[in-house]
Amino acid sequence: MIDIKAELTPMRLSLSRNEPVELMVEIENNSNKAQMISLEISLGNELAFDKGGRGSIDSKHILEFKAGERLRDYHNIYPRPNVQPGPHIILIQVNEHFNNSFQYVQSKKTKELTLRVE
């Protein structure tokens, strides 16, 4: 079983400061065997991972995520030019795969974060 922890620092994105928000995502394998997993982070249409606003989806494939292992990633989140003030959903999804192929999904786990833009 894979556990997901995520947090935003700071918890709000201020358009007047022109500084990104940092997203920390930590996944941990709590099972007693190695897993094949994929991680996908989706920011929606008004947020991006770069200043230019080009990338709003980030994914990672891990062939062998050992038992008890932890992975921690940090991502900066920037507003796109079309961003509207208000709450925005960040979706984090971890898929456990089997049969040595990322095509077959054994289980899915999702986590939603809400980022307030002001």
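Quick note: the coordinates plus some simple rules give every number you see, no bench work behind them. Computed from a predicted structure; not experimentally measured. Heads up, the Cβs are rebuilt from the backbone with ideal geometry, glycines too, and the neighbour counts pull from every protein chain shown.
Looking at N18, N45, N95, N32, can you tell me which residue is among the polar types (S, T, N, Q), touching a residue at least 12 places away in the same chain (Cβ under 8 Å) and more than 20 Å from K109 (Cα to Cα)?
Within the list N18, N45, N95, N32, the selection yields N45.
Any residue at all in region 101-115 that's in a strand (DSSP E or B), among the acidic types (D, E), under 18 Å from the mean Cα position of the chain (by Cα) and surrounded by 11 or more Cβ atoms within 10 Å (Cβ to Cβ)?
No: zero hits.
Name every residue in region 83-118 that is within 25 Å of H61 (Cα to Cα) and of a type in the set (V, I, T), in order of residue number.
Within region 83-118, I89, I90, I92, V94, V105, T110, T114 meet the criteria.
Looking at this structure, is D50 under 14 Å from the mean Cα position of the chain (by Cα) and without any contact (Cβ under 8 Å) to a residue 60 or more places away in the chain?
It is false that D50 is under 14 Å from the mean Cα position of the chain (by Cα) and without any contact (Cβ under 8 Å) to a residue 60 or more places away in the chain.
Quick one: is I77 in a strand (DSSP E or B), touching a Ser or Thr at 6+ places or on another chain (Cβ under 9 Å) and among the aliphatic types (A, V, I, L, M)?
no
Quick one: which of S38, S31 is closer than 21 Å to H97 by Cβ, under 12 Å from the mean Cα position of the chain (by Cα) and of a type in the set (S, T, N, Q)?
S38
So the check is Cβ under 8 Å with 6+ separation or different chains; which pairs have a first residue in region 67-86 that's of a type in the set (S, T, Y) and a second one that's surrounded by 11 or more Cβ atoms within 10 Å (Cβ to Cβ) and part of a loop (DSSP other than H, G, I, E, B)?
As it stands, the answer is Y78/P20; Y78/F49; Y78/D50; Y78/K51; Y78/G53, since those pairs meet every condition given.
Rundown of residues vs (1) outside any strand (DSSP E or B); (2) among the hydrophobic types (A, V, I, L, M, F, W, C); (3) surrounded by fewer than 13 Cβ atoms within 10 Å (Cβ to Cβ), yes/no style:
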{"position": "I4", "(1), (2), (3)": "no, yes, no"}
{"position": "S16", "(1), (2), (3)": "yes, no, yes"}
{"position": "V25", "(1), (2), (3)": "no, yes, no"}
{"position": "E28", "(1), (2), (3)": "no, no, no"}
{"position": "M36", "(1), (2), (3)": "no, yes, no"}
{"position": "I41", "(1), (2), (3)": "no, yes, no"}
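Do we find a residue being out of contact with any Leu (no Cβ under 9 Å at 6 or more places or on another chain), loosely packed, with under 13 Cβ neighbours inside 10 Å, under 15 Å from I2 (Cα atoms) and not acidic (D, E) anywhere in region 45-65?
yes
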